[in-house]
Amino acid sequence: MKRYLLIGCGGFLGAFCRGAVKSLDWPATFGSFPLATLLINLSGSFILAFILTVTLELWQADPDFRNALTVGFCGSFTTFSTFTKELFHLLSLGKLVQAGLYLGLSIAIGLLMSLAGIYLANLLAERHVEKPRMLEKEAKE
């Protein structure tokens, strides 16, 4: 039961954050381009990769806590269904360049954001692990 309550709490926070980002007053210069969904999904790619790298590879996290962050928060924050709906909308309006740009940016930058999340998690882990080793060397001297 604890698992589902934590996932629900994470889902609530993710949905809240998604709603907050969608409600921001985005510049009219982007017109019908779905910038909010693009930014949500790109940042979600980064967050998910970072969290999974930290909680699976760098330190042992409680699986229920990890699921609250990944399944709950990231699952409700990011949105594939809205992405496909907005992509279809651009295509139906005949905005082929915008649709292609939206699709290409979502995939290419989404992959790069995931790599950045993994890289940052590993970088932080290296710095965190290096300090105790340096302290051990200083203590021996």
T37 vs (1) at pLDDT 95 or above; (2) surrounded by 18 or more Cβ atoms within 10 Å (Cβ to Cβ): all pass except (1)
Residues of segment 62-81 being open to solvent by 20 Å² or more (accessible area, probe 1.4 Å) and of a type in the set (F, W, Y), in sequence order, are F65, F73, F80
Those residues of segment 1-50 that are touching a residue at least 60 places away in the same chain (Cβ under 8 Å) and within 16 Å of L115 (Cα to Cα) come to a total of 9
Checked against (1) in contact with a Pro (Cβ under 9 Å, 6 or more places away or on another chain); (2) open to solvent by 20 Å² or more (accessible area, probe 1.4 Å), T84 satisfies every condition except (1)
The number of residues in segment 20-34 that are assigned to a helix (DSSP H, G or I) and either touching a Lys or Arg at 6+ places or on another chain (Cβ under 9 Å) or closer than 23 Å to T70 by Cα (or both) is 3
Of (1) within 30 Å of L90 (Cα to Cα); (2) surrounded by fewer than 16 Cβ atoms within 10 Å (Cβ to Cβ), M1 fails just (1)
| field | Qualifying residue in segment 69-84 (condition: assigned to a helix (DSSP H, G or I), closer than 20 Å to S114 by Cα, among the aliphatic types (A, V, I, L, M) and in contact (Cβ under 8 Å) with a residue 60 or more places away in the chain) | value | yes
### Query
Do the conditions hold for L13, that is, is it open to solvent by 60 Å² or more (accessible area, probe 1.4 Å), in a helix (DSSP H, G or I) and over 20 Å from G100 (Cα atoms)?
yes
Residue count, segment 87-121, condition open to solvent by 30 Å² or more (accessible area, probe 1.4 Å) and either among the charged types (D, E, K, R) or closer than 30 Å to K2 by Cβ (or both), comes to 4
Discussion item. Among the residues that make up segment 39-59, is at least one of them over 28 Å from N122 (Cα atoms) and part of a helix (DSSP H, G or I)?
Written reply: no
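The values are calculated or read from the model by the stated rules, or taken from the named source; none is laboratory data. Everything numeric in this text was worked out from a predicted model, so none of it was measured. Every residue, glycine as well, gets a Cβ built from its backbone with ideal geometry; the counts of neighbours run over all protein chains shown. The protein model used for the area step is the full one, side chains on, heavy atoms only, and it has no ligands, DNA or RNA in it. Shrake-Rupley method; radii C 1.70, N 1.55, O 1.52, S 1.80 Å.
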